[in-house]
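Input: a single structure, listed below in structure tokens.
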Amino acid sequence: MKSFVMLFSAALLALPAAANAQQQQGRIAYPPAKADPQTDNYFGRKVADPYRWMEDLNSPELAQWVKAENSVTERYLATLPMRERFKSRITELWNTPRVSLPFREAGKLFYAKNSGLQRQSVYYMRPTLDGAERLVIDPNVLSPDGSVALSQFVPSPDGRYFAYGLSQGGSDWSIAYVRDLATGRQLSDTVKWLKFSGINWTKDGNGFFYSRFPTPETGKELQSAVRDQKLYYHKLGTPQSADRLIYERKDHPEWFVFASASDDGRFVYVNIVNGTDPHNRLSVLDLGDPMHPNVAAPVKPLFDKADAAYTPIGNVGTTIYMSTDNAAPKYRIVAFDVAHPDSKTWRVVVPETKNVIDQTAFFKDHIAVNYLEDVKSSAKVFALDGKPAGGLSLPGVGSLVGMSGRADAADLFYRFTSPLYPSTVFRYDPATGKSIAFAPAKLKAFDPAGYETRQIFATSKDGTKVPVFVTMKKGLALDGSHPTMLYGYGGFNISITPSFSPDVLAWIEQGGIYATANMRGGAEYGEDWHKAGMFEKKQNVFDDFIAAAEHLIAQKYTSPAKLGIEGESNGGLLVGAVEEQRPELFAVALPGVGVMDMLRYDKFTGGKAWAAEYGSSDDSTAFKYLIKYSPLQNVKAGTCYPATLLSTADHDDRVVPSHTFKFTSAMQLAQGCDKPILVRVQTQGSHGYRPTDKRIAELADQWAFAAGQMGMKPTIVP
């Protein structure tokens, strides 16, 4: 069958848009979407882009279309019998106190805490480990509806101040402010146009390093492509216009430049990266005396070839400890003197093994290393000379999802989770070798004893073994009858490890099954695994996901009429591509904030950075493989696609919502059966941020939509 773009200029264009909406969809009358005769020429091949006008996010016509689509979606969702049941149950399961990973600064302990249903977590401080906690900042009072997100919280090393970032609707853009830590008094400092930037104080607490982009065009802040990021130093009490420029790359305006600082305050590491490429260039700024830092010191390169990943994890004096995949695709830890960084001088502290190093943490006289053994965490501790010094006793099979330590502190904090184990913070004491829960998490009204998570392996098209984690009720008969949701991501060197989600509990207690696939493109088995899902090999990712789906069906966990797929961002691309390639395999598709137009993704916000993963349609070779799987350009008229509920947000300035708008319009027009194609557009939300109440509502809608399409019947839960 010819592709949608080939047919568009013929029969489909001959029908008025409003008539199309009524004619091709008997049960749902979708809002009309204007189709323009826009055509682009890619190296001699003409490609239609009739919904180009949806890229203008300020268009009144687009606003009206979004409003109408949300109205259609809401009317449909309101008819679903399990919508309120899921919302009520997810709310109940979500209403559990939780604590973020604590960190130390200025001898104090800082962490964020949520009582359960607060829209955003609140930051607290303790003077000592067992000291009384004190509220530092509550973002819920800054915007009671959660429309302003707290994006950063960074205390100064001298304990006088803290810097914090605020972003409207959770946008990647943020503004940094400073408050007095003791009194909460707001200082005059305001630093704007931060994006993809940390805040790194000098040891004296008199200022901080940050990265910013030039001021974007008014009205285009959420969609304009970003470039020319520069590293600055801001001195407290001075206007941003007086900030000192530390580093820039005029020769490569598309590169990102950002900083990190050593615990002792002497070194500022300058990372220079080409988009999302995990291989970076690394330079260093030696500030000399940390209490009298020389911010005018020269920035000197350490590794300037971008031939590997170079990540400093700690230092003792001028000896730098670093994690790298240089000559070690699964990573190793090395040490060298900052004055002699050549790899010939390196001392190997922790050698590469068959299991990939997923995370590291440096704390007094020790290095903690988290390995992935077939995607399951195994954490060991080493002395600085590389000798084994114990390990972290994890509660079971699952994921270590963060470690926090300092070179001048003897203990280590870490978080552990699994699909049936809520994220819990532990404190490890190397003197005793024991781990104690910092704030034990307790599930409310759910007994995990009746459920299990098992790991199975699917075989992909080329014979590659693909890990899949499956969570379900114990003793569930494998008869192909169970509603199942399969999640995936598969890209950008990101490991998707088994983790806890309250909404998943609401699904599995209704007799559903939840599965997570670990496709190529991620970091689960090192850089080779990542590279096998990049550029022209991206189809491997889709094949891996399809193999996972087919395996679940073959093993009778589920059937095509009961199987759904979900993913967000790069995972949204995954879902869009796979539901097009194998529409008969799935009942439901839930693509969230997806990259749906692979020919134009790099024209907006930080999209250019992803060319290091995907390739760009500006390149003739990349165009040939991008056009083969790009969801927008592979919609085929008359195909019966799975019931699809797309989601995006109006302040998503990472994957701009026009991706979802254009794909929705194309799918609604092309759908060849009565299965719904709906879109849910969240207001005052972004790529990854939703206030708690809005996040719960969104999840309830998605699960109810899936349940309705799969014929799930409500189960009475004790």
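Every number here is computed from the coordinates shown, using simple stated rules; none is lab data. As the structure is a prediction and not an experimental result, all values here were calculated from the model. Ideal geometry is used to build each Cβ from the backbone, glycine not excepted, and the neighbour counts take in all protein chains shown.
For a footprinting-style exposure proxy, rank Ile199, Ile333, Ile436 by other Cβ within 10 Å, fewest first.
By the 10 Å Cβ count, ascending, the order reads Ile436, Ile199, Ile333.
Taking amide H positions as placed 1.01 Å from N in the peptide plane, with prolines and chain starts having none, which residues 5 or more places from Tyr161, or on another chain, fall under 5 Å of its amide H?
HN-HN under 5 Å from Tyr161: Ser156, Leu181.
List every residue whose amide H lies under 5 Å from the amide H of Val122, counting only residues 5 or more places away in sequence or on a different chain, with H placed 1.01 Å from N in the peptide plane.
HN-HN under 5 Å from Val122: Lys113, Asn114.
Report the label-to-label distance for Ile456 and Lys300 in nanometres (one decimal), using points 7 Å from each Cα along the Cα→Cβ vector.
A separation of 5.7 nm, rounded to one decimal place.
Karplus couplings for the stretch 543-559 from phi (6.51 cos²θ - 1.76 cosθ + 1.60, θ = phi - 60°), rounded to Hz, Gly and Pro as x?
Listing the rounded values in order: 5, 4, 5, 4, 4, 4, 5, 5, 5, 4, 6, 4, 8, 6, 5, 7, 9 Hz.
With +1 assigned to the C-beta of every Lys and Arg and -1 to the C-beta of every Asp and Glu, and no other charges, what is the dipole magnitude of the stretch 644-718 about the Cα centre in debye, to the nearest 20?
It comes to approximately 140 debye.
Trypsin sites (Lys or Arg not before Pro) within the stretch 103-197: which are DSSP loop residues with at most 13 other Cβ atoms inside 10 Å?
On the way: sites: Arg104, Lys108, Lys113, Arg119, Arg134, Arg160, Arg179, Arg185, Lys192, Lys195; in loops: Arg119, Arg160, Arg185, Lys195.
Listed in order of number, the matching sites are Arg185.
Taking neighbour counts of Cβ atoms within 10 Å as a proxy for exposure, in what order, fewest first, do Thr648, Thr128, Thr96, Thr218 appear?
Exposure proxy ranking, most exposed first: Thr218, Thr128, Thr96, Thr648.
So what J values fall out for the stretch 495-504 if you push phi through Karplus, 6.51 cos²θ - 1.76 cosθ + 1.60 with θ = phi - 60°, rounded to Hz, Gly and Pro as x?
8, 9, 9, x, 9, 9, 9, x, 5, 5
Quick one: which residues, 5+ away or cross-chain, put their amide H under 5 Å from the amide H of Phe363? H built at 1.01 Å from N.
Residues meeting the criterion, in which the H sits 1.01 Å from N, are Ala368.
In the chain, if the dipole is taken from +1 on Lys/Arg beta carbons and -1 on Asp/Glu beta carbons about the Cα centre, which of Phe535, Trp346, Pro388 is farthest to the positive end?
It is Pro388, whose Cα lies furthest towards the positive end.
Relative contact order of the stretch 98-140, please, whole-number percent, based on alpha carbon pairs below 8 angstrom and at least 6 residues apart.
Relative CO of the stretch 98-140 lands at 30 percent.
In whole percent, what relative contact order does the stretch 200-243 give with Cα contacts below 8 Å and a gap of six or more residues?
38
So, with +1 on the Cβ of K and R and -1 on the Cβ of D and E, and no other charges, what is the size of the charge dipole of the chain about its Cα centre, to the nearest 20 debye?
Numbers: 78 positive and 76 negative charges, 175 e Å.
Rounded to the nearest 20 debye, it is 840 debye.
Taking 0.36 nm per residue of sequence separation and subtracting the Cα-Cα distance, how much length would be gained by fully extending the chain between Arg244 and Asp138, in nm to one decimal? Please report the intermediate quantities before stating the final value.
Numbers: separation 106, 0.36 × 106 = 38.16 nm, distance 3.11 nm.
Going from the current span to full extension adds 35.0 nm.
Quick one, which of (1) 190; (2) 336; (3) 155 is the actual volume of the Cα convex hull per residue in Å³ calculated for this model?
(3)
Obtain the nm distance between the two label points defined at Ala29 and Thr128 by a simple spin-label model: each point lies 7 Å from its Cα along the Cα-to-C-beta direction.
Going by the 7 Å Cα→Cβ label model, 7.2 nm.
Could you sort out which of Lys465/Lys556; Lys195/Lys230; Lys203/Lys300; Lys537/Lys624; Lys67/Lys713 sit more than 22 Å apart by Cα distance in this structure?
Among Lys465/Lys556; Lys195/Lys230; Lys203/Lys300; Lys537/Lys624; Lys67/Lys713, the Cα-Cα distance tops 22 Å for Lys67/Lys713.
List, in order, the whole-Hz ³J(HN,Hα) value for each residue of the stretch 297-310 obtained from phi through the Karplus relation with A = 6.51, B = -1.76, C = 1.60 and θ = phi - 60°; use x for Gly and Pro.
Going residue by residue, I get 4, x, 8, 10, x, 9, 9, 10, 10, 6, 9, 6, 8, 10 Hz, with x marking Gly and Pro.
If you take the beta carbon distance between Asp56 and Asp365 as r and set R0 to 41 Å, what does 1/(1 + (r/R0)^6) give as a FRET efficiency, to the nearest 0.05? Before the final figure, lay out the partial values.
On the way: r = 57 Å, r/R0 = 1.40.
Plugging the Cβ-Cβ distance into 1/(1 + (r/R0)^6) gives 0.10.
Take Val348 and Gln38, extend 7 Å from each Cα along the Cα→Cβ direction, and tell me the distance between the two endpoints in nm.
About 5.3 nm separates the two model spin labels.
Let me spell out the model: positive unit charges on the Cβ of Lys and Arg, negative unit charges on the Cβ of Asp and Glu, origin at the Cα centre of the stretch 98-140. What dipole size does that give, in debye rounded to 20?
It comes to approximately 80 debye.
What is the distance in Å between the Cα centroid of the stretch 24-58 and that of the stretch 124-186?
44
With r defined as the distance between the Cβ atoms of Thr683 and Asp385 and R0 fixed at 51 Å, what FRET efficiency is calculated, to the nearest 0.05?
Using R0 = 51 Å, I get an efficiency of 0.40.
Once you have the Cα-Cα distance between Ala554 and Lys628, take 0.36 nm times their residue separation minus that, and quote the gain in nm to one decimal.
Stretched fully, the Ala554-Lys628 segment lengthens by 23.9 nm.
D for the stretch 324-379, whole µm²/s, Stokes-Einstein with Kirkwood Rh over alpha-carbon pairs at 37 °C and 0.692 mPa s: what number?
Numbers: Rh = 12.1 Å.
Here the translational diffusion coefficient equals 270 µm²/s.
Expressed as a rounded percentage, what relative contact order does the chain have, with Cα pairs under 8 Å and six or more residues apart?
For the chain, the relative contact order is 12 percent.
Roughly what % antiparallel, to the nearest 5, for the DSSP beta bridges in the chain?
Approximately 85 percent, going by the DSSP bridge assignments.
Report, in deg cm²/dmol and to the nearest 500, the calculated mean residue ellipticity at 222 nm for the chain, where each DSSP H run with n ≥ 4 adds -39500 (n - 2.57) and the sum is divided by the residue count.
Helix-only estimate at 222 nm: -5500 deg cm²/dmol.
Just to be sure I follow the definition: excluding the sites themselves, where is the longest run in the chain that has none of the GluC sites (Glu not before Pro) in a DSSP loop with at most 14 other Cβ atoms within 10 Å? Provide the component values of the computation, followed by the final result.
On the way: sites that count: Glu133, Glu217.
Excluding the exposed sites themselves, the longest stretch runs over 218-718.
Over the alpha-carbon set of the stretch 98-140, work out the extent along each principal axis and list the three values in angstrom, largest first.
Largest first, the stretch 98-140 extends 29, 16, 16 Å along its Cα principal axes.
Would you work out which of Gly159, Ala409, Thr79 lies farthest towards the positive end of the dipole of the chain? Charges go on Cβ: Lys and Arg +1, Asp and Glu -1.
Farthest towards the positive pole: Thr79.
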